[in-house]
Amino acid sequence: MRKGVGVLLTLGSTILFFAVKNRLHLRAPVEAPIDLTPKEGKCGMVRQPSKVELRWLSEDQVHWIIANNTAENSPCDRRVPVCLKNWRWHGVPAPAPVTLLEGQRFCRDVGRHAPMRIPAKVSKFALPGTYTYEVHIDDKLALDPMVEIVP
């Protein structure tokens, strides 16, 4: 009898721990680096950010980290405007599946050696599935990465 009660208490506290852990955001935010670099005489990106997978039930966070570690006198040797825009869900225009944690826009002006963050969390209104978005540098399309929302 005592052994059964002990097992039930252990099981119950484990379930409670994981339920509370997800609500308290003890999971580390997913980082999505965007590295600026000279490209074809302009400021651009060479490597596409990896696909981000966010769990809707856990209210996961993503932090886009935009770095401008370019050399002096390069096309990126200035404050470069970088924006995330034109969100699409399975190819259909849609609102962003994430809600910003700071600031009002998905844009940052990134100076040399001064990385900027765009922190966000999964929106309560996001539908599960694959979202694409565009990274614009100097208001020109650079790349189009993906965000996957899973239950």
- line: Checked Lys3, Lys39 against criteria (of a type in the set (D, E, K, R), modelled with pLDDT of 85 or more and out of contact with any Leu (no Cβ under 8 Å at 6 or more places or on another chain)); the one match is Lys39
query: Somewhere in segment 86-95, is a residue hydrophobic (A, V, I, L, M, F, W, C), surrounded by 15 or more Cβ atoms within 10 Å (Cβ to Cβ) and over 14 Å from Pro145 (Cα atoms)?
result: yes
statement: Picking from Ala126, Ala96, Ala142, Ala114, the residue that is part of a strand (DSSP E or B) and small (Gly, Ala, Ser) would be Ala142
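Within segment 40-80, how many residues are assigned to a loop (DSSP other than H, G, I, E, B), out of contact with any Cys (no Cβ under 7 Å at 6 or more places or on another chain) and surrounded by 19 or more Cβ atoms within 10 Å (Cβ to Cβ)?
2
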message: If I filter segment 117-131 down to residues being under 13 Å from the mean Cα position of the chain (by Cα) and closer than 17 Å to Ala32 by Cα, which single residue comes out as surrounded by the most Cβ atoms within 10 Å (Cβ to Cβ)?
response: Ala120
message: Taking the criterion of being within 25 Å of Glu59 (Cα to Cα) and out of contact with any Phe, Trp or Tyr (no Cβ under 9 Å at 6 or more places or on another chain), would at least one residue in segment 132-148 satisfy it?
response: no
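The values are calculated or read from the model by the stated rules, or taken from the named source; none is laboratory data. Predicted, not measured: the structure shown is a model, and the values here were computed from it. Using ideal geometry, Cβ is built from the backbone for each residue, glycine included, and neighbour counts are taken over all protein chains shown.
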